[in-house]
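Below: the structure, in structure tokens.
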Amino acid sequence: MTIQDLVQRCELQVLTGSALLDRTVRGCYIGDLLSWAMGKVRVDNAWLTVMGNVNAVAVAVLADAACIVLVDNATLDPEAEKKAIEQEVVILSTKENAYDLAIRISEMLQ
């Protein structure tokens, strides 16, 4: 599945990286503790979090995550938005909670 598929099927809002939606998503990870996520997010994961700060962007780059999905209407800091654009990190947003979205992603990946 691509990020574009994820956006369309889960009705996500694209905050950054609209030109990068053809990347493959192979799984997802839920977590808000950045030091923990740094070691757990896998390559091509959609990372579901409420952390919309510049440090989350850095973790996504280090982990080579497919995208960050800000859940529960979490906001993206302006500094993080700028850094995500510079680093070509796709950031998406949803009002849905992480658990429910992860179930939907899992079903889509079956």
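Listing for the model above:
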| quantity | calculated |
| --- | --- |
| Most to least accessible of Thr24, Thr75 (protein chains only, probe 1.4 Å) | Thr75, Thr24 |
| Spatial separation of Cα centroids for the range 58-110 and the range 1-24, in angstrom | 10 |
| For Gly27, residues with placed amide H under 5 Å, excluding near neighbours | Ala46 |
| Where the range 1-77 is the region considered: accessible area per residue in Å², 1.4 Å probe | 49 |
| Average Cα contact separation per residue, the chain, under 8 Å, 6 or more apart, as relative contact order % | 31 |
| DSSP bridge orientation in the chain - percent antiparallel, rounded to nearest 5 | 25 |
| For Arg23, solvent-accessible area (1.4 Å; no DNA, RNA or ligand), Å² | 70 |
| The chain - Kirkwood radius from inverse mean 1/r over Cα pairs (Å) | 13.2 |
| The chain - percent of accessible surface contributed by carbon and sulfur, probe 1.4 Å | 48 |
| Under Karplus coefficients 6.51, -1.76 and 1.60, residue-wise ³J(HN,Hα) of the range 43-48 in Hz, glycine/proline x | 3, 6, 7, 8, 9, 9 |
| Note, ³J(HN,Hα) from phi for the range 29-34, Karplus 6.51, -1.76, 1.60, rounded to Hz, x at Gly and Pro | 9, 10, x, 10, 7, 4 |
| Residues whose placed amide H lies under 5 Å from that of Leu92, excluding near-sequence neighbours | Leu15, Ile68, Val69, Leu70 |
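The values are calculated or read from the model by the stated rules, or taken from the named source; none is laboratory data. What you see is a predicted model; the values in this text were computed from it and never measured. SASA here: full protein model, heavy atoms, side chains in, ligands and nucleic acids out. Shrake-Rupley method; radii C 1.70, N 1.55, O 1.52, S 1.80 Å.
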